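The structure appears below as structure tokens.
The values are calculated or read from the model by the stated rules, or taken from the named source; none is laboratory data. Everything numeric in this text was worked out from a predicted model, so none of it was measured. Positions of Cβ are generated from backbone atoms using ideal geometry, with glycine treated the same way; all protein chains shown enter the neighbour counts.
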Amino acid sequence: MHIPFISKKAEDPSKPKVKKSFLREWLDAAVFAIVAATIIRTFFIEAYTIPTPSMEKSLLVNDYLFVSKMHYGARLPMTPLAIPFVHHTMPIIGGKSYSEAIKAPYKRLWGFSDIERNDDVVFNWPADKENNRPVDKKENYIKRCVGLPGDSLEVRDRVIYINGQPGYKPKYSQFVYQVFMNPTGYDLGTEVQEDLNIYNITDQNNNPIPNVYSLTDEDVANLQKMPNVVVRLADTVGGRSKKGEAQWDCFPKDTANFKWNQDNYGTIWIPKKGVTINLTKENIALYRTVITEYEGHTLAENQYPFLIDGKPSTTYTFKMNYYWLMGDNRHNSLDSRFWGYVPEDHVVGKAWFIWMSYDKNGIRWKRLFRSVKALED
């Protein structure tokens, strides 16, 4: 049986083509741009601004950098219903910029590499609990990864030890010092501060604290060469604490069993996926948040063995890898020493390169279009 070929009706050449209106063309272009930018932001790179001095002088306040999602593998959106280009709060009008009507489980695409020790990592702050936000809508932080899954980490008199060996010390790591002129006790003058590029740390109201500075080893060496200048580690303004002195706000906030402080911390073991550990009344504070908040179980501690999901348990097997992140400005950094491990599902990406940087004096030209690694070497 012969089936005739049926073609589309030929267009009438005498009939004029309908031209899109200016508004329609603009709308089509805008939709395309939003979709393209969203794909780039989700799977490739995302812009980030350094808001605090916790990484100075490695990364500076008002460094604008691109964060690579490709290095560790892009994390698929866990809260997909959201306003494009807005993290968690609507600008101007306020309120949530996302809906939790649809939630997706944590999944990550293949990446170029795993997180490596001493990478600068952008992540969702695990301790952001005030607004009960989903993982991918928590505040973004940036710190240096000093401990990997399965590592044992200790801080001895400000020096990090990984698995018993001294760890990497960033070139621009800083600690708080008291600096004063001898014998007057006066602070350094503005001219000296500007010449050495050092400035007083500030209080909660952003007022400079006299005689108190965050300094690198190089800064300390330069000051010690100056006549009549005394430099010493600060003991009372966020500075050094002795071994065995319990600091109440240090993780896991159990001063009875863990007499740790920011300068003498640990030894602490960083959880690794698939590893099983013994749970005791003495160490449960280290893993409580992992079991309940990060890995979604119920935990009853009013008896031993503990009840995990209603079943007696003296052990626990981790479902995810965890990381230990710290700021280079060690006495002015809210980091893992205060809120613990960073779960792998909180990792956003790797700090890649700086595309803009400025301070009160204008653009910091030498930092533009430089990789983060190059600036830290």
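Restricting the first member to segment 50-71 and to residues that are without any contact (Cβ under 8 Å) to a residue 24 or more places away in the chain, and the second to residues that are aromatic (Phe, Trp, Tyr) and buried (at least 18 other Cβ atoms within 10 Å of the Cβ), the beta-carbon pairs closer than 9 Å and six or more apart or on different chains are Thr52/Tyr141. The number of residues in segment 163-201 that are hydrophobic (A, V, I, L, M, F, W, C) and touching a Phe, Trp or Tyr at 6+ places or on another chain (Cβ under 6 Å) comes to 2.
Filter segment 334-377 down to residues that are within 15 Å of Asn118 (Cβ to Cβ) and among the hydroxyl-bearing types (Ser, Thr, Tyr), then give me how many there are. Of the residues in that region, 2 qualify. Looking only at residues of segment 151-198 that are in a strand (DSSP E or B) and among the β-branched types (Val, Ile, Thr), we find that the one that is farthest from Ile209 (Cα to Cα) is Ile162.
So that you can scan it fast, the table gives a plain yes or no per residue for (1) in contact with a Phe, Trp or Tyr (Cβ under 6 Å, 6 or more places away or on another chain); (2) in contact (Cβ under 8 Å) with a residue 60 or more places away in the chain; (3) under 23 Å from Ile201 (Cα atoms):
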residue	(1), (2), (3)
Val342	yes, yes, no
Val347	yes, yes, no
Trp352	yes, yes, no
Met356	yes, yes, no
Lys360	no, no, yes
Trp365	no, no, no
Arg370	no, no, no
Lys373	no, no, no
Glu376	no, yes, yes
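Taking into account only those residues within segment 129-147 that are in a loop (DSSP other than H, G, I, E, B) and within 12 Å of the chain's Cα centre (by Cα), which is farthest from Lys169 (Cα to Cα)? I'd like the intermediate steps shown before the answer.
Just the residues of segment 129-147 that are in a loop (DSSP other than H, G, I, E, B), to begin with: 129-134, 138-139.
Now restrict to residues that are within 12 Å of the chain's Cα centre (by Cα): 138-139.
Details: Lys138: 29, Glu139: 27 Å.
Residue satisfying both the conditions and the ranking: Lys138.
Go through the residues of segment 40-60 one by one and say whether even a single one is crowded, with 21+ Cβ neighbours inside 10 Å, of a type in the set (Ser, Thr, Tyr) and in contact with a strand residue (DSSP E or B) (Cβ under 6 Å, 6 or more places away or on another chain). Within segment 40-60, one or more residues are crowded, with 21+ Cβ neighbours inside 10 Å, of a type in the set (Ser, Thr, Tyr) and in contact with a strand residue (DSSP E or B) (Cβ under 6 Å, 6 or more places away or on another chain). Condition check for Phe85 on (1) touching a Pro at 6+ places or on another chain (Cβ under 8 Å); (2) part of a loop (DSSP other than H, G, I, E, B); (3) of a type outside the set (Asp, Glu); (4) modelled with pLDDT under 95: one failure, at (1). Against the conditions (1) surrounded by fewer than 16 Cβ atoms within 10 Å (Cβ to Cβ); (2) modelled with pLDDT of 90 or more, Leu65 satisfies every one except (1).
Residues that are in a loop (DSSP other than H, G, I, E, B) and either modelled with pLDDT under 95 or of a type in the set (A, V, I, L, M, F, W, C) (or both) within segment 119-128 comprise Trp125, Ala127, Asp128, listed in sequence order.
Per-residue answers, yes or no, for (1) in contact with a strand residue (DSSP E or B) (Cβ under 9 Å, 6 or more places away or on another chain); (2) closer than 21 Å to Asn321 by Cβ; (3) crowded, with 16+ Cβ neighbours inside 10 Å; (4) at pLDDT 95 or above:
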position: Gly238; (1), (2), (3), (4): yes, no, yes, no
position: Ser241; (1), (2), (3), (4): no, no, yes, no
position: Glu245; (1), (2), (3), (4): no, no, no, no
position: Trp260; (1), (2), (3), (4): yes, no, yes, yes
position: Trp269; (1), (2), (3), (4): yes, yes, yes, yes
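The numbered conditions (1) out of contact with any strand residue (DSSP E or B) (no Cβ under 8 Å at 6 or more places or on another chain); (2) hydroxyl-bearing (Ser, Thr, Tyr); (3) modelled with pLDDT of 95 or more are all true for Tyr172 except (3). Among the residues of segment 322-333, those identified as in contact with a Pro (Cβ under 9 Å, 6 or more places away or on another chain) and either part of a strand (DSSP E or B) or among the aliphatic types (A, V, I, L, M) (or both) are Tyr322, Tyr323, Asn329. Taking the criterion of being part of a loop (DSSP other than H, G, I, E, B) and not small (Gly, Ala, Ser), the residues of segment 56-77 that qualify are Glu56, Lys57, Leu59, Leu60, Val61, Asn62, Lys69, Met70, His71, Tyr72, Leu76, Pro77. Candidates are the residues of segment 337-363 that are modelled with pLDDT of 95 or more and basic (Lys, Arg); the one that is nearest to Trp248 (Cα to Cα) is Arg337. Screening segment 298-316 for residues that are among the hydroxyl-bearing types (Ser, Thr, Tyr) and without any contact (Cβ under 8 Å) to a residue 40 or more places away in the chain and picking the one that is farthest from Tyr341 (Cα to Cα) gives Tyr304. Out of Lys253, Lys243, Lys272, Lys319, report the one residue that is in contact (Cβ under 8 Å) with a residue 24 or more places away in the chain, farther than 29 Å from Lys169 by Cβ and assigned to a loop (DSSP other than H, G, I, E, B). Answer to the selection: Lys319. Met326 fulfils the conditions (1) closer than 25 Å to Pro134 by Cβ; (2) buried (at least 17 other Cβ atoms within 10 Å of the Cβ) except for a single criterion, (1).
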